[in-house]
Amino acid sequence: MKTIRSIAVPAFFIVLTALLYDCKKESSSPATSSTGSAVVPAIYKRIYGATSITSDGTYITIKTNGVPDHKSVYWPTTNSLYQAFSGTTFGGYTFTQNPSTIVSQTLTFKIPLSPAEATDHSATPLGPIGVALNGVPFFNQYAAGGTSLSAAEIPSFDQYWGHPQMQGMYH
């Protein structure tokens, strides 16, 4: 099953993720987009999990399948990245697996090339709000329905502190 999502994301999420991952000084020369229509800043080359990164001169568009590149108990057991997990997880909870498995998605993140502070400050939406370097989406700090993460959900985080939601989107 594939899910198609289009998400507008503040650019600082991408840049912050890239900078937190690796603070090495990078060349300032920009990379060109795969379509050649506009320049994609070099910082975006760090998103190795993207299937496509392009620019139209106003937005950077990042496409990804959202699957992690690491082992997890949430891969189907036939996948080479499947790894059983038990013990404790985030916050010291005893791991309890949720019934979902990782499913490839079709995700599109559209980020302003020149972001500006919003005039109104509102909560981030549920679902993907950014993309990690490996192409996996990250969500805000809330559970379904906008409620706080609970002792029922936190124990389902795998050894990398992620898990799939009901449609298989790992985050």
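The values are calculated or read from the model by the stated rules, or taken from the named source; none is laboratory data. Values in this document were obtained by computation on a predicted structure and should not be read as measured data. Don't worry about glycine lacking a Cβ; one is built from the backbone with ideal geometry, like all the others, and counts go over all protein chains shown.
Only one entry in Leu107, Leu113 is at negative phi and crowded, with 20+ Cβ neighbours inside 10 Å, namely Leu107. In the condition set (1) surrounded by 13 or more Cβ atoms within 10 Å (Cβ to Cβ); (2) touching a strand residue (DSSP E or B) at 6+ places or on another chain (Cβ under 7 Å); (3) more than 30 Å from Pro41 (Cβ to Cβ), Pro76 is compliant with all but (1).
Against the numbered list (1) in contact with a strand residue (DSSP E or B) (Cβ under 8 Å, 6 or more places away or on another chain); (2) surrounded by fewer than 17 Cβ atoms within 10 Å (Cβ to Cβ); (3) within 24 Å of Thr124 (Cα to Cα); (4) modelled with pLDDT under 95, Tyr21 comes up short only at (1).
When each of Leu133, Leu149 is tested for being farther than 24 Å from Thr77 by Cα, modelled with pLDDT of 90 or more and among the aliphatic types (A, V, I, L, M), the lone residue that passes is Leu133. With respect to Ile60, is the statement that it is in contact with a Phe, Trp or Tyr (Cβ under 7 Å, 6 or more places away or on another chain), crowded, with 20+ Cβ neighbours inside 10 Å and among the β-branched types (Val, Ile, Thr) true? Yes. With the structure loaded, tell me whether Ile102 is out of contact with any Leu (no Cβ under 6 Å at 6 or more places or on another chain), surrounded by 13 or more Cβ atoms within 10 Å (Cβ to Cβ) and outside any loop (DSSP other than H, G, I, E, B) or whether it fails that test. Judged against the criteria, Ile102 is not a match.
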